[in-house]
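*Asks:* Quick one: the structure is below, questions incoming.
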Amino acid sequence: NADGAMYHAKASGRNNYQFFKEAMNQTAARHFELESSLRGALAADEFELYFQPIMDIGTRRLHAMEVLLRWRRGGVELITPDQFIPIIEENGMIVPIGEWVIRQACKQSMAWQSQGMTPVPLAVNLSPRQFMHRGLVESIRGILDDTGIDPALIEFEITETALMQHGEQTLEILGHINAMGIRLSIDDFGTGYSSLAYLKRFPVKKIKIDRAFIKDLEESAEDRAIVAAIIALSDSLQLSVVAEGVETEAQYALLQRHGCQFAQGYLFSQPVPHATAQLLLPRC
Ligand code: C2E
Ligand code: MG
Ligand code: MG
Ligand code: MG
């Protein structure tokens with residue numbers, strides 16, 4: 001009856017509300033807990049670099065490696081970036097932590113070189129907040145000087161969204177980075193609001209097609225059309241193209257057929273610690 005139904009709706013409404021409130025509290029509590037333990041994480045040396053190979057599709061040889069940050073919380077639990085990058089991006093800690101990542105990547109490259117390994121370029125992610133930070137160019141310059149690395153062995157990955165935010169200032173910063181001899185690529189391409197025509201204005205050398213377009217490549221004619229279009233346009237703008245999130249041989253074959261140059265994904269390797277990454281490097 002009507003009363004019963006009303007009672008039911010109220011009861012379940014209340015339960016939904018309770019459930020929602022608890023979930024919110026848990027998320028907020030987790031956020032708070034992570035944020036406070038993140039404060040001492042850099043000083044406690046709890047961050048680690050992981051490396052994921054980027055392969056040349058034509059030769060199936062190693063082309064470069066992407067540097068991916070991991071947080072060894074309390075020295076034990078391994079935490080991935082999606083759980084903590086948004087927090088440090090919001091509170092500004094990304095600036096010193098991001099600087100540490102760049103420095104550490106350069107040091108690692110130099111260490112490999114001194115052990116007789118042939119270096120490959122390391123691609124380091126730059127978040128919007130890092131990119132906006134006034135001291136960025138100076139801090140990169142300092143790191144290049146301190147470590148003595150060849151700037152051609154460093155690349156920065158920036159998302160479209162980060163690039164589109166700041167008009168003229170963006171061009172200026174990119175110009176400085178480019179002038180230092182560091183290459184730039186556009187990360188997660190296709191998920192933001194830019195267009196390749198617009199990117200022509202930027203001194204960018206490479207674009208990385210977001211894994212959202214690769215995931216269903218075999219089943220989706222639409223995704224295949226999008227990927228083919230991105231590759232064709234990049235070719236005509238003389239940009240290199242990396243496909244992200246390549247997990248199957250079938251995806252690999254399709255990308256090869258469409259003329260994509262580089263691929264990154266679990267098909268080749270997950271991101272691995274430096275000791276494992278080192279085994280992938282050829283010796284001089
Ligand atoms: P991203 O730069 O787009 O990095 C690629 C992400 O895709 C990595 O996640 C990688 O592990 C994952 N991935 C690679 N291949 C596959 C695949 O075949 N399948 C699937 N499902 N995933 C794959 P990760 O390491 O969790 O990093 C997530 C994001 O966090 C990165 O996305 C990047 O935006 C950010 N990030 C990571 N390290 C840093 C850093 O040092 N600084 C900054 N600012 N951001 C970072
Ligand atoms: Mg990236
Ligand atoms: Mg990406
Ligand atoms: Mg991403």
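The values are calculated or read from the model by the stated rules, or taken from the named source; none is laboratory data. The structure displayed is predicted, hence computed values, not measured ones. All Cβ positions, glycine included, derive from the backbone under ideal geometry; neighbour counts span all protein chains shown. Note: areas computed on protein heavy atoms with side chains; ligands, DNA, RNA excluded. Shrake-Rupley method; radii C 1.70, N 1.55, O 1.52, S 1.80 Å.
*Asks:* Pull out a ≥ b ≥ c, the square roots of the eigenvalues of the alpha-carbon gyration tensor of segment 185-284, then state rounded if a/c is under 1.5, prolate if not and a/b is larger than b/c, and oblate in the remaining case.
*Replies:* Verdict is oblate for segment 185-284.
*Asks:* Then there is this: In what sequence, largest accessible area first, do F19, F189 appear using a 1.4 Å probe?
*Replies:* Highest to lowest solvent-accessible surface, that is F19, F189.
*Asks:* Charges only on Cβ, +1 for Lys and Arg, -1 for Asp and Glu: so what's the dipole of the chain about the Cα centre, in debye to the nearest 20? Before the final figure, lay out each step's value.
*Replies:* Working: 26 positive and 35 negative charges, 49 e Å.
Using only the charged Cβ atoms, the result is roughly 240 debye.
*Asks:* Measure nothing but the geometry: give the 0 to 90° angle between the long axis through the Cα atoms of 167-179 and the longest principal axis through the Cα atoms of the chain, rounded to 10°.
*Replies:* Once rounded, one gets 40 degrees.
*Asks:* In nm, to one decimal, how far is the modelled label at R60 from the one at N25, with both set 7 Å along Cα→Cβ?
*Replies:* The answer from the label model is 5.6 nm.
*Asks:* Would you tell me the accessible area of V101, worked out with a 1.4 angstrom probe on the heavy atoms of the protein chains, in Å² to the nearest 10?
*Replies:* We get 20 Å² for V101.
*Asks:* Now for a different question. So for the chain, Kirkwood radius off the Cα pairs, Stokes-Einstein at 25 °C and 0.890 mPa s: how many µm² s⁻¹?
*Replies:* 118
*Asks:* Could you state the principal axis extents of the C-alpha atoms in segment 55-213, from the largest down, to the nearest angstrom?
*Replies:* Projected onto its principal axes, the Cα set of segment 55-213 covers 43, 39, 34 Å.
*Asks:* Tilt of helix 136-147 relative to the longest C-alpha principal axis of the chain, in degrees (0 to 90, nearest 10)?
*Replies:* 50
*Asks:* Moving on. Net charge near I143: determine it from the other residues with C-beta under 11 Å of the C-beta of I143, scoring Lys and Arg +1 and Asp and Glu -1.
*Replies:* That works out to -1.
*Asks:* Now, a different point. Could you work out how far apart the two model spin labels at A197 and Y266 are, taking each label as a point 7 Å from the Cα in the direction of the beta carbon, and quote it in nm?
*Replies:* 3.8
*Asks:* Order L267, L280, L69, most accessible first, counting only protein heavy atoms with a 1.4 angstrom probe.
*Replies:* If we order L267, L280, L69 from most to least accessible, we get L280, L267, L69.
*Asks:* Next question, about the same structure. Counting only protein heavy atoms, what percent of the accessible surface of the chain is carbon or sulfur at a 1.4 Å probe?
*Replies:* 54
*Asks:* Work from the charge dipole of the chain (Cβ charges, +1 for Lys and Arg, -1 for Asp and Glu, about the Cα centre) and give the residue of I158, L62, L34 farthest towards its positive end.
*Replies:* L62
*Asks:* Something else now. Can you compute the charge dipole magnitude of segment 178-284 about its Cα centre, using +1 on each Lys and Arg Cβ and -1 on each Asp and Glu Cβ, nothing else charged? Give it in debye, rounded to the nearest 20.
*Replies:* 640
*Asks:* Would you mind working out the accessible area per residue for segment 129-284, using a 1.4 Å probe, and quoting it in Å²?
*Replies:* 49
*Asks:* Would you mind putting 201-208, 20-27 in packing order, based on average other-beta-carbon counts within 10 Å, highest first?
*Replies:* Values: 201-208: 18.4, 20-27: 10.0.
Ranked from most to least packed, the peptides come out as 201-208, 20-27.
*Asks:* Cα axis of helix 81-91 to longest principal axis of the chain: angle in degrees, 0 to 90, nearest 10?
*Replies:* Helix 81-91 sits at roughly 90 degrees to that axis.
*Asks:* Put a dot 7 Å past each Cα toward the Cβ at H274 and R134; how far apart are the dots in nm?
*Replies:* 3.3
*Asks:* What relative contact order, as a whole-number percentage, does segment 88-182 give when Cα pairs under 8 Å and 6 or more residues apart are counted?
*Replies:* So the answer I get is 32 percent.
*Asks:* Based solely on its DSSP helices, what 222 nm [θ] is calculated for the chain when runs of n ≥ 4 H residues each add -39,500 (n - 2.57) and the sum is averaged over all residues, nearest 500 deg cm²/dmol?
*Replies:* Result for the chain: -15500 deg cm²/dmol, rounded to the nearest 500.
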